[in-house]
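The values are calculated or read from the model by the stated rules, or taken from the named source; none is laboratory data. Because the structure is predicted, anything quoted here is derived from the model rather than measured. Note that we place each Cβ from the backbone using ideal geometry, even for glycine, and neighbour counts take in every protein chain shown. Ligands, DNA and RNA are stripped out before the accessible areas are found, and what is left, the full protein with its side chains, is counted by its heavy atoms. Shrake-Rupley method; radii C 1.70, N 1.55, O 1.52, S 1.80 Å.
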Amino acid sequence: METRRIGDIPVSAIGLGGMPMSIEGRPDEERSVRTIHAALDAGITLIDTADSYHIHADEVGHNESLIAEGLRSWGGDTSGVLVATKGGHLRPGDGSWTVDGSAAHLRKAVEDSLQRLGVEAIGLYQYHRPDNRVPYAESVGVLGELLDAGKIRMAGISNANPDQIREAQDVLGGRLVSVQNQYSPAFRSSQPELDLCAELGIAFLPWSPLGGIGSAGSLGSRFDAFQRIADLHHVSPQRVALAWELSQAPVVIPIPGASRPQSIEDSVLAVDLQLGPEELAELDAS
Ligand SMILES: NC(=O)c1ccc[n+]([C@@H]2O[C@H](COP(=O)([O-])OP(=O)(O)OC[C@H]3O[C@@H](n4cnc5c(N)ncnc54)[C@H](OP(=O)(O)O)[C@@H]3O)[C@@H](O)[C@H]2O)c1
């Protein structure tokens, strides 16, 4: 399995996104655990989650608990698996998503995530989404405190623009290791953030790398070039999309979501798909 780095930690070049296993449309727990096991069996060593991946107000951290259970019940050595969680986003239970980037909220959220994940320190903690009511430096500053206190091993941010990436890097004294932004064939407007991460040597984790839960299945019918090249290589257009993302820069580590073992088993094979320069140019231009 090809590895890439988040900070000093090598992780599989394709991660598993946990969100489809915990929000609207989620499967039963048995299928979710099989999906997590399939990812681990395939050599995936990065799992992305968040405390806000749940539906009802009284089940905050549904996905974190599921990931912890999947790791516990797998049976293999999980010491090399990096679980990346996030805080600062909330779901009140009416289907909406809200934010709270206050220091008090983030400090409490980390304690709760530590409990659910059953670890002494969180491998990668990401500030989920900027809260305009709180200065960005204040929210990111909490990550610095948590690093100093040993409660999180690495700090990342999500849904950040280039100014916020630079500000976070400054606030954290150079300890920012990752940026997680939306990026897919359908959504390329995070290219400046991707390029900045490549320049700074910070991992860039594309979220919804296949276009999102409701659209991933129809990627090929919406993007002809991805379908055409998929047909040439006898692979899925989803696999082509992930291989194309991997080709953008060595810092890119896509985290495709899955709620079925077959989805992640197919996605992870993107690491072995070699696309030629002309194919990549065609996909870039499509
Ligand atoms: N930071 C943020 O604000 C943010 C926002 C959104 C998402 N995320 C993270 O990013 C992850 C990925 O995003 P996402 O889950 O929204 O969207 P996505 O990865 O673009 O699409 C997920 C869907 O793709 C399907 N899929 C996966 N691999 C496939 C394959 N090889 N062939 C066909 N279908 C495939 C899955 O279907 P099945 O369900 O049938 O397996 C899944 O429902 C999330 O899980 C979450 O961890 C972060």
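Sub-9 Å Cβ pairs linking a first residue in segment 19-32 that is open to solvent by 80 Å² or more (accessible area, probe 1.4 Å) to a second residue that is within 10 Å of the ligand (Cβ to nearest atom) and not in a loop (DSSP other than H, G, I, E, B), at least 6 apart or interchain, are Glu29/Met21, ordered by first then second residue.
For Gly43, the criteria (1) open to solvent by 40 Å² or more (accessible area, probe 1.4 Å); (2) farther than 16 Å from Leu124 by Cα; (3) in contact (Cβ under 8 Å) with a residue 60 or more places away in the chain hold in every case but one, which is (1).
Close contacts from segment 117-128, counting a first residue that is at positive phi and a second that is at pLDDT 95 or above, with Cβ to Cβ under 7 Å and a gap of 6+ residues or different chains, come to Gly118/Ala68.
Against the numbered list (1) near the ligand (Cβ under 9 Å from one of its atoms); (2) open to solvent by 10 Å² or more (accessible area, probe 1.4 Å); (3) of a type in the set (Gly, Ala, Ser), Ala225 comes up short only at (1). Annotation note: Cβ proximity below 6 Å between a residue of segment 237-256 that is farther than 20 Å from Ile202 by Cβ and a residue that is away from the ligand (no atom under 13 Å from the Cβ) and open to solvent by 10 Å² or more (accessible area, probe 1.4 Å) (sequence gap 6+ or interchain) occurs for Ala243/Leu275. Please determine, by comparing only the residues of segment 11-36 that are in contact with an Asp or Glu (Cβ under 9 Å, 6 or more places away or on another chain) and part of a strand (DSSP E or B), which one is farthest from the ligand (Cβ to nearest atom). The residue in question is Ser12.
Please enumerate the residues belonging to segment 187-217 that are assigned to a strand (DSSP E or B) and under 25 Å from Ile9 (Cα atoms).
If the condition is that a residue be assigned to a strand (DSSP E or B) and under 25 Å from Ile9 (Cα atoms), then Ala203, Phe204, Leu205, Pro206, Trp207 are the ones that fit.
Of the helices (runs of 4 or more DSSP H) that lie entirely inside segment 56-166, not one contains 1 or more residues that are touching a Gly at 6+ places or on another chain (Cβ under 7 Å) and open to solvent by 60 Å² or more (accessible area, probe 1.4 Å).
Set side by side, the residues Ile264, Ile202 differ, and just one is within 20 Å of Pro27 (Cβ to Cβ), in contact (Cβ under 8 Å) with a residue 40 or more places away in the chain and not acidic (Asp, Glu), which is Ile264.
Scanning segment 61-109 for residues being of a type in the set (A, V, I, L, M, F, W, C) and in contact with a Lys or Arg (Cβ under 8 Å, 6 or more places away or on another chain) gives a total of 3. Among the hydroxyl-bearing types (Ser, Thr, Tyr), away from the ligand (no atom under 13 Å from the Cβ) and either open to solvent by 40 Å² or more (accessible area, probe 1.4 Å) or on the phi > 0 side of the Ramachandran plot (or both) - does that describe any residue in segment 242-264? Within segment 242-264 (the criterion being among the hydroxyl-bearing types (Ser, Thr, Tyr), away from the ligand (no atom under 13 Å from the Cβ) and either open to solvent by 40 Å² or more (accessible area, probe 1.4 Å) or on the phi > 0 side of the Ramachandran plot (or both)), the answer is yes, since at least one residue qualifies. Residue pairs whose Cβ atoms lie under 8 Å apart, sitting 6 or more positions apart in sequence or on different chains, and linking a residue in segment 91-114 that is more than 20 Å from Tyr136 (Cβ to Cβ) to a partner that is hydroxyl-bearing (Ser, Thr, Tyr) and open to solvent by less than 20 Å² (accessible area, probe 1.4 Å), are Arg91/Ser52; Ser113/Thr85; Ser113/Tyr125. Say whether the condition of being open to solvent by 50 Å² or more (accessible area, probe 1.4 Å), away from the ligand (no atom under 15 Å from the Cβ) and under 27 Å from Val240 (Cβ atoms) is met by at least one residue in segment 179-194. Yes, segment 179-194 contains at least one residue that is open to solvent by 50 Å² or more (accessible area, probe 1.4 Å), away from the ligand (no atom under 15 Å from the Cβ) and under 27 Å from Val240 (Cβ atoms). Scanning segment 196-216 for residues that are at pLDDT 95 or above, surrounded by fewer than 21 Cβ atoms within 10 Å (Cβ to Cβ) and either under 27 Å from Asp266 (Cα atoms) or within 11 Å of the ligand (Cβ to nearest atom) (or both) gives Ala198, Gly211, Gly212, Ile213, Ser215.
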